[in-house]
1. Inspect all residues belonging to the stretch 127-137 and state whether any of them is farther than 15 Å from GLU16 by Cβ and not in a helix (DSSP H, G or I).
2. Can you pull out every residue in the stretch 96-130 that is over 21 Å from ARG55 (Cβ atoms), surrounded by 14 or more Cβ atoms within 10 Å (Cβ to Cβ) and without any contact (Cβ under 8 Å) to a residue 40 or more places away in the chain?
3. Test of understanding: among ILE50, ILE89, which residue is touching a Pro at 6+ places or on another chain (Cβ under 8 Å), open to solvent by less than 30 Å² (accessible area, probe 1.4 Å) and modelled with pLDDT of 95 or more?
4. Pull out all pairs, ordered by first then second residue, where Cβ-Cβ is under 6 Å, the residues are six or more apart or on different chains, the first lies in the stretch 75-90 and is closer than 25 Å to CYS41 by Cβ, and the second is part of a strand (DSSP E or B) and among the small types (Gly, Ala, Ser).
5. Determine if the stretch 1-10 includes at least one residue that is assigned to a strand (DSSP E or B), in contact (Cβ under 8 Å) with a residue 12 or more places away in the chain and either under 27 Å from PRO127 (Cα atoms) or not hydrophobic (A, V, I, L, M, F, W, C) (or both).
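The values are calculated or read from the model by the stated rules, or taken from the named source; none is laboratory data. Computed from a predicted structure; not experimentally measured. Here the Cβ positions follow ideal geometry from the backbone for every residue, glycine too, while neighbour counts run over all protein chains shown. Accessible surface areas use protein heavy atoms only, side chains included; no ligands, DNA or RNA. Shrake-Rupley method; radii C 1.70, N 1.55, O 1.52, S 1.80 Å.
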Amino acid sequence: MPEPARKHPGITLRLERRFSAPREKVFRAWTQPEALKKWWCPSGWTPAEIEVDLRVGGSYRIGMRQLPGGSPVYVRGEFVEVRPPERLIYTWRWDGALADMRETRVTVEFRDAGQATEIVLTHENLPDPQRWHQHRMGWIAACDRMERIL
C-alpha cells in the first residue's frame, strides 16, 4: 500500500453477497466490459467507455453518464492481483466526481458455493463515514443489478 495510505488508513467497507451462478460466470460479469455495461450503471445513468486490461499492472476505466446528456464520470485504477475466478485486488479512484477523495483499494473474493457464488468485497481506505455510506449503498445497488443479469 502506498505510504500516504499507511499514514491515514481510512475506513474499511466489507460486504458479503451470494449469487445463484457459478463463480466463473460471476467473475466474468465483474471483469468483462460487455457484461459490466449490463449492470454497472445506476438508474438514470448509461454506460460510457469501459476498458479492462485484466492482468497484474493492467488498468481499468469504467465510465457512466447521467441521462439526459450529463458529463461522463469514471472510476479507474490498476489491478494489483488477478486470480481468475478466485480473487481480484485493484486500486480505485474517481475521475469526474468526488475530486476530494483519495485513491482507495478494492478486494473481491469469489468463493465457490456449489451452484452459487459468494463474494466478499472489501473496500479499504475510504476517507470518512459519509464516503463509506455512499460507497456501501453504491456497492449494494450494483450487486442487486448484477444479480438480475445473472
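1. Yes, the stretch 127-137 has at least one match.
2. Within the stretch 96-130, GLY96, LEU98, MET101 meet the criteria.
3. ILE50
4. Close Cβ pairs satisfying both conditions: GLU78/SER59; TYR90/GLY77.
5. No, there is no match, as no residue in the stretch 1-10 is assigned to a strand (DSSP E or B), in contact (Cβ under 8 Å) with a residue 12 or more places away in the chain and either under 27 Å from PRO127 (Cα atoms) or not hydrophobic (A, V, I, L, M, F, W, C) (or both).
Matching residues to (1) open to solvent by 40 Å² or more (accessible area, probe 1.4 Å); (2) in contact with a Leu (Cβ under 8 Å, 6 or more places away or on another chain):
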position: THR12; (1), (2): yes, yes
position: LYS37; (1), (2): yes, no
position: VAL56; (1), (2): yes, no
position: VAL75; (1), (2): no, no
